[in-house]
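First up is the structure itself, then whatever we jot down about it.
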Amino acid sequence: MASYPRLVSSLAVVATALAIASSGSAESPRALSPDVLDVHINVSNSCRTRVTPPSYGVSAGSTFTVNWINEASSEYPVDIDKVDRFNTVPIVLGLEPGQSYHDDIRAWCGEYTGAFSFRITSPCDKIYIPVDCSAH
């Protein structure tokens, strides 16, 4: 039987956050189209996790939703959370290789102008994607 990601109810987001180190990339948060962000995830059989983009930034007041894509060549399922210094909000549990999930329920940033991270957890490790809600 196929395993499907489960949407987990969100908690209130407190306006102040902590940007957590990304997956080792020296890139600064990038400002991309603030509509839908495609996040590609790949966890290899040697437990190397690759996430694209490694960080993300939008102009103050902009919003975006996320399309989470665990690539077909990935070896492991992943869990996805939104993390700040006050709480952790589960978004997707058990996103299997070859599956994607567009979280169009939550529009991120908007009136919030701080920073937070998305955390990708696999059986191998945890990778953080810093998000800057006032990159410009």
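Summary of values
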read-out: Filter result (assigned to a strand (DSSP E or B), of a type in the set (S, T, N, Q) and either on the phi > 0 side of the Ramachandran plot or surrounded by fewer than 20 Cβ atoms within 10 Å (Cβ to Cβ) (or both)) within the range 109-123; value: Thr121
read-out: Tally, over the range 87-108, of residues that are under 12 Å from the mean Cα position of the chain (by Cα), among the acidic types (Asp, Glu) and at pLDDT 95 or above; value: 0
read-out: Residue in the range 52-70 that is over 10 Å from the mean Cα position of the chain (by Cα), surrounded by fewer than 15 Cβ atoms within 10 Å (Cβ to Cβ), modelled with pLDDT under 95 and not in a loop (DSSP other than H, G, I, E, B) present; value: no
read-out: Of all residues in the range 90-108 being in contact with an Asp or Glu (Cβ under 9 Å, 6 or more places away or on another chain) and buried (at least 20 other Cβ atoms within 10 Å of the Cβ), the one that is farthest from Val43 (Cα to Cα); value: Ile91
read-out: Meets criteria (free of Cβ contacts under 8 Å to residues at least 24 places away in the same chain and on the phi < 0 side of the Ramachandran plot) for Lys126; value: yes
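The values are calculated or read from the model by the stated rules, or taken from the named source; none is laboratory data. None of these values were measured; they are calculated from a predicted model. No Cβ is skipped: glycine too gets one built from the backbone with ideal geometry, and neighbour counts run over all protein chains shown.
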